[in-house]
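The values are calculated or read from the model by the stated rules, or taken from the named source; none is laboratory data. What you see is a predicted model, and the numbers here were worked out from it, not measured in a lab. Methodologically, a virtual Cβ is constructed for each residue, glycine included, from the backbone with ideal geometry; neighbour enumeration extends over all protein chains shown.
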Amino acid sequence: MRVSVSHKDGNSPETMVLEAQTSKSSFEIKPSVISPVEYFLAGTIACSTTDMVMMPQKQGFKISDIEISGDVVRNETPPRKFNEIHLTYSFNSNSDDLTARRWVLSTLETYCSTINTVRGVSKITFSIIHNGNTIADRDEIMSGESNSPLSSDGSDIPDIGGACEA
């Protein structure tokens, strides 16, 4: 994967325009509108959302009304890294609560590469609202990194075909 960012215009945070170029597309970043840190959190949530759409579909379930929100506590002084990340998963599905919880744990602990990149550096907690009922409230994922909780070579992990693989 390769991404490049170039400065297009403006010399202050209020006027600066950057352009991000990926192998598939490009987009503008205006730090006065959406900060790079907000893009980072949005990308992390989008990665997990992709998993949450793909997993139920691959298993023959239907998921709807999915919304994932994130709250971050950062250092007050540089480097202002993420100390804590809390993600709230709210969705409806035709699965039971245990299956819904497994989907969330799978994205958090296995599939979502962005979450697993900050794992071990940031405390990650989650809440789940499934079919209108809170089934997890500020639960914490296993600490530390995980390359594969199921096998050392990843052969036991099913391919869900998520968009975050590229």
- Message: Against the definition (assigned by TED's automatic domain parsing to the domain that holds ALA136 and out of contact with any His (no Cβ under 9 Å at 6 or more places or on another chain)), how does THR15 come out, yes or no?
- Response: no
- Quick one: is ASN94 modelled with pLDDT of 95 or more, more than 15 Å from the chain's Cα centre (by Cα), farther than 27 Å from THR22 by Cα and assigned by TED's automatic domain parsing to the domain that holds ALA42? yes
- Lone qualifier among MET54, MET16, MET1 - being of a type in the set (A, V, I, L, M) and exposed (fewer than 14 other Cβ atoms within 10 Å of the Cβ): MET1
- Message: Of everything in the range 89-134, what is on the phi > 0 side of the Ramachandran plot and either in contact with a helix residue (DSSP H, G or I) (Cβ under 9 Å, 6 or more places away or on another chain) or of a type in the set (A, V, I, L, M) (or both)? Give them in sequence order.
- Response: ASN131
- Tell me which of these THR117 doesn't satisfy, since it passes every other one: (1) in contact with a strand residue (DSSP E or B) (Cβ under 8 Å, 6 or more places away or on another chain); (2) not assigned by TED's automatic domain parsing to the domain that holds PRO13; (3) not aliphatic (A, V, I, L, M). (1)
- Would you point out which residue out of PHE82, PHE91 is closer than 15 Å to SER48 by Cβ, in contact with an Asp or Glu (Cβ under 8 Å, 6 or more places away or on another chain) and buried (at least 19 other Cβ atoms within 10 Å of the Cβ)? PHE91
- Query: From the residues in the range 24-42 that are under 19 Å from the mean Cα position of the chain (by Cα) and either part of a helix (DSSP H, G or I) or in contact (Cβ under 8 Å) with a residue 40 or more places away in the chain (or both), which one is surrounded by the most Cβ atoms within 10 Å (Cβ to Cβ)?
  - Reply: LEU41
- Query: In the set ASP65, ASP51, which member is charged (D, E, K, R) and not in a helix (DSSP H, G or I)?
  - Reply: ASP65
- Note on the structure: Inside the range 71-113, the number of residues satisfying the requirement of being under 20 Å from GLN57 (Cα atoms) and of a type in the set (A, V, I, L, M, F, W, C) is 8
- Per the list (1) surrounded by 12 or more Cβ atoms within 10 Å (Cβ to Cβ); (2) among the acidic types (Asp, Glu); (3) free of Cβ contacts under 8 Å to residues at least 12 places away in the same chain, residue check on ASP9 breaks on (1)
- Lone unmet requirement of (1) charged (D, E, K, R); (2) closer than 14 Å to VAL118 by Cα; (3) not assigned by TED's automatic domain parsing to the domain that holds GLY120 for ASP9: (2)
